[in-house]
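The values are calculated or read from the model by the stated rules, or taken from the named source; none is laboratory data. These figures come from a predicted structure and were not determined experimentally. Neighbour counts are summed over all protein chains in view; Cβ atoms, including those assigned to glycine, are modelled from backbone coordinates with ideal geometry. Keep in mind that these areas ignore ligands, DNA and RNA; they rest on the heavy atoms of the full protein, side chains included. Shrake-Rupley method; radii C 1.70, N 1.55, O 1.52, S 1.80 Å.
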Amino acid sequence: MRRDDFPFPEEASRTRLFAERIGPVCRPDLATRLTGAAGVSQVNLLHTDTRPQAWDDWRRITGMKAEPASQQTLEHFYLTLQAAAAGVGVAIAPYAVARDDLERGQLVAPFGFVPDGTSYHLLSRRSPEQDERVRRLTAWLRAKTSGLEIDSEPV
């Protein structure tokens, strides 16, 4: 499975699974301070090395232009989510990565999630039409990821 933010090999079969949606996430008590651009300018924004442009993408998509009080970069989305759950700041995260923490109530998404224009795909040597194993895997992945196509309402 890969996000289509880079060219796929021409020989690979590509099956779309779900759209990427991103949004700010934080501890529930911190969310009460995030009432738009003014609130964001008072908190620490958490970035990830694996997708350093994620906050810029979200700002461009939503039109929110606030500058943060401070910023911190961590190595991976999982670390930014842990830092956000610990109250260190507000992380930008894909819904697919943050969903479990949102469902447990450890994190909230005060501005919801927005599509960033990318999608996740299953890449394989053979298409689902050519290979029963790929067809079964595709069906299983679609069943497991069906809830990832969410609306953009706050969570």
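Residues of region 76-109 that are assigned to a helix (DSSP H, G or I), small (Gly, Ala, Ser), open to solvent by 10 Å² or more (accessible area, probe 1.4 Å) and without any contact (Cβ under 8 Å) to a residue 60 or more places away in the chain: ALA83, ALA85.
Taking the condition of being in a strand (DSSP E or B) and among the charged types (D, E, K, R), how many residues in region 5-60 meet it? Qualifying residue count for the region: 4. Name every residue in region 3-28 that is charged (D, E, K, R) and free of Cβ contacts under 8 Å to residues at least 12 places away in the same chain, in order of residue number. The one that is charged (D, E, K, R) and free of Cβ contacts under 8 Å to residues at least 12 places away in the same chain: GLU10.
With the condition kept exactly as written, say whether any residue in region 10-32 is in contact with a Cys (Cβ under 9 Å, 6 or more places away or on another chain), farther than 11 Å from ALA93 by Cα and at pLDDT below 90. No - not one qualifying residue is present in region 10-32.
Among the residues of region 16-68, the ones that are in contact with a strand residue (DSSP E or B) (Cβ under 8 Å, 6 or more places away or on another chain), farther than 15 Å from PRO110 by Cβ and open to solvent by 70 Å² or more (accessible area, probe 1.4 Å) come to 3 in all. Here LEU122 does not fit the description of being among the hydrophobic types (A, V, I, L, M, F, W, C), in a helix (DSSP H, G or I) and in contact (Cβ under 8 Å) with a residue 24 or more places away in the chain.
Is it the case, given these coordinates, that ARG125 is open to solvent by 70 Å² or more (accessible area, probe 1.4 Å), of a type in the set (Lys, Arg) and touching an Asp or Glu at 6+ places or on another chain (Cβ under 9 Å)? So ARG125 passes the test. Among the residues making up region 125-146, those that are more than 12 Å from LEU17 (Cβ to Cβ) and in contact (Cβ under 8 Å) with a residue 24 or more places away in the chain are ARG125, ARG126, SER127, GLN130, VAL134.
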